[in-house]
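The values are calculated or read from the model by the stated rules, or taken from the named source; none is laboratory data. The model shown is predicted, which means the values in this text are computed figures rather than measured ones. Glycine gets a Cβ as well: all are built from the backbone with ideal geometry, and neighbour counts include every protein chain shown. Ligands, DNA and RNA are stripped out before the accessible areas are found, and what is left, the full protein with its side chains, is counted by its heavy atoms. Shrake-Rupley method; radii C 1.70, N 1.55, O 1.52, S 1.80 Å.
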Amino acid sequence: MSWTGFKKAVNRAGTSVMMKTGHVEKTVDREYEIEERRFRTMEAAVEKMQKEAKGYLDSLRAMTIAQMRIAETIDAFYGDSGAKDGVGKYYLTAVEEIDAETVKSLDGPYRTTVLDPISRFCAYFPDINDAIKKRSHKMMDYDAARAKVKRAIEKPSDDVTKVPRLEKEAAQAKELYDALNTQLTEELPQLIALRVPYLDPSFEALVKIQLRFCQEAYVRLAHVQQYLDANTREAYASGELDNHVEQCLQQMKELTITTIPTSSRG
Amino acid sequence: MSLRGFTKGVVRAPQNFKQKFNIGQTTKDSVYLDAERRFKELEQETKKLHDESKKYFDGVNGMLKHQIEFSKAIEEIYKPISGKMSDPTAMKLESKPEGIQACEQYRNLVQELQQILKPELEMIDARVVQPAFQLLEIVKGIRKLLTKRNHKQVDLDRYTNTYNKLNDKKDKSLKDEKAFYKAESDLEAARQEYDYYNDILKTELPRLFELEAAFIKPLFETFYYIQLNVFYTMHEHMQGIKIPYFDLQSDIEECFNAKRGDVQERAEAIGITHFSLGKKTSRLPGNNKIPPHHAGQQPYSASTSSSLPPPYSPGSTGSTGYPQEKGAYTPPTAAYTAPAAAPAYTAPNTAVTGSSTAPAYSYGAPAAAPQPVMSPAAPSYGYQAPVASPAPVASPAAPAAETCTALYDYTAQAEGDLTFTAGTVIEILQRSDNPNDWWTGRLNGQTGVFPGNYVQL
């Protein structure tokens, strides 16, 4: 912080104490305050939107990557066990395609239509918050200057130039404050009004991207089905596959190498 | 580690060391080694399968959750934000009932989907993640056995070496003979133990691999069908989305751009979205004021007949923007129209005044600029001109010798400005390279600022 900035901060801290104790009157601008509250509501909503949009993409990626790793593992198992009916390979290819083509091809549009616009909108907030902070500082300066004038009038001093000088200062402070206050009061509603046209298209884009993803992923995955035995589907539906899995596990558990005690003596 | 385990560890340490550096004799069983290698792979793959199927499960869940949350967030955006409306034109855009409706429909859809998919996803857990976990447990147990077998091998090698050493020794003493017999029996015991574990593993590991293969096939098929079902359900459900609010046929990006139009430009034209930018540029030297007609950029040759500078015309600026300015100035194009249209400037004599105030205002954040910005802008707020603050004079640093000649007459519009007629020679105290800035100069002992484009160096 610069020296001037520091001096200002100290002065303002003093003013805010005096305000609380009632020595300095506080300017109240209801119209502005309403706008600021509305802005806060919008800020929270947009930031949540940003978070969720990002989260969706992350989950989608996590899912496809997990899917791909599973496919790799399964392929490794198949390769190792010598059961080369190739389904593992086809499956791997399918999920790789989902990752490489479907997800990657939707990644760009998702960024341009959903993530980027929302992030860009969010990027306005720090600036606006700066302005809001500055406004409150200027307001405090103005309040302090006005209080000084009041005191000087109440307690006339020998210096005749004091009152006009202080008045001048107060007028300057008021001007700074007014300019910023007016700007914020005028421009905040403008921005708030633009939020719907600004963000609305992203929603539709998001829905469409989801739709596209589901569609392509399904088609690609369904493709693998033809390489599977025709009756596996029934086996799956009837729970027979499950039983197979259970059986295998049971047999493994019955092996001497799994039942042999290892922690006792030896 | 138990004391017993620790003692064993100490006893085995020398042999482990020897084994590493290939000292002495080490038992090698190639069949076992191959089985162990395969087992290691199996171990890794099983772990991967377990972890990844869990991640998959979380991923699908997360996707649905984020969809719902997103729709909630955008609904917040569609809803009117409470508070008194100050701008009646903004009222219309305030809320978007169709949007809210679409949100609700969409959310219902996703929630429904979540409900439908819930059992499917639970099935991933029950049918894939759990079996994989059990397999992992089995594998862990076998891993322990493998470690044990390796220990036994170390023991065996240790005794073998001792035995060989004693056997090779000629002229055994009585003590040696005793030790020799002991080593013999130890070796026999170690060999039996080792053989037991080694044989079990050798016979049963292949069996395990077989079972594993048998296990993975139905597991994979189960996973595949669950996954297929998940995608199918999502696909069917999303396909059946009958929300008239969305135009689902058109291209994603095209439609997005069409719908969006110039809203980003409009939003960025609002001064406060670039508040700190205005603040930063206002701190640059010479940028304290915007020179009167930098916006218009009309050629001065046109005005040679009259010595007055070309009047400022808001119309031309609105369309041309500030082509010559650096990036910092690009946004105000639209913001610019606002002050130009503001009633504050209707005073008749403002041809010149307006030229200096309007740009200063359009600048984004007048209050952010140091005081001099306010002084020319003052009249527009019905503020008494004489009260205006003295403009700061940032002079001393510049070399004193440089002078310039005025091209046009200029009358001070605020305190701290210089007044001069065409042809006057002004001593430059401080200037920037940009003639569109305000420079500081001295004339007749008076120091003040003047627009750089009014003079010739």
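Figures for the structure shown
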{"read-out": "Percent of Cα-Cα distances greater than 19 Å, calculated over segment B:403-456", "value": "10"}
{"read-out": "Alpha carbon centroid spacing (whole Å) that separates segment B:191-222 from segment A:154-213", "value": "74"}
{"read-out": "Average beta carbon contacts from partner chains per residue of A:36-43, 10 Å cutoff", "value": "3"}
{"read-out": "Expected 222 nm ellipticity per residue - DSSP helices of 4 or more, -39500 (n - 2.57), all of chain A, to 500", "value": "-28500 deg cm²/dmol"}
{"read-out": "Average beta carbon contacts from partner chains per residue of A:23-34, 10 Å cutoff", "value": "1"}
{"read-out": "Measure of compaction for segment A:26-228 (Cα Rg per 2.2 N^0.38 Å)", "value": "1.83"}
{"read-out": "Student exercise, segment A:26-228 dipole from Lys, Arg, Asp, Glu Cβ charges, in Debye to nearest 20", "value": "740"}
{"read-out": "Spatial extent of segment B:105-179: Rg and Dmax, with the Cα atoms as the point set, Å", "value": "30.4, 98"}
{"read-out": "Taking segment A:26-228 and dividing mean pair separation by its residue count, relative contact order in percent (alpha carbons under 8 Å, at least six apart)", "value": "37"}
{"read-out": "Computed accessible area, B:D51, all protein chains, 1.4 angstrom probe, square angstrom", "value": "60"}
{"read-out": "GNM top mover of A:L241, A:L206, A:L106 - chain A, alpha-carbon springs below 10 Å", "value": "A:L241"}
{"read-out": "Per-residue average of Cβ from other chains inside 10 Å of B:143-156", "value": "2"}
{"read-out": "Those lysines that a straight Cα-Cα span of less than 21 Å connects to A:K133, excepting residues fewer than 8 apart in one chain", "value": "A:K7, A:K8, A:K20, A:K26, A:K174, B:K279, B:K280"}
{"read-out": "Fraction in percent of alpha-carbon pairs per bin - 5 Å, segment A:7-136", "value": "2, 8, 11, 11, 10, 9, 8, 7, 6, 6, 5, 5, 4, 3, 3, 2, 1, 0"}
{"read-out": "Translational diffusion coefficient (Stokes-Einstein; Kirkwood radius from C-alpha pairs) of segment A:165-266 at 4 °C, 1.567 mPa s, in µm²/s", "value": "58"}
{"read-out": "Under-5 Å amide H pairs with B:D417, H placed in peptide plane, nonlocal only", "value": "B:V449"}
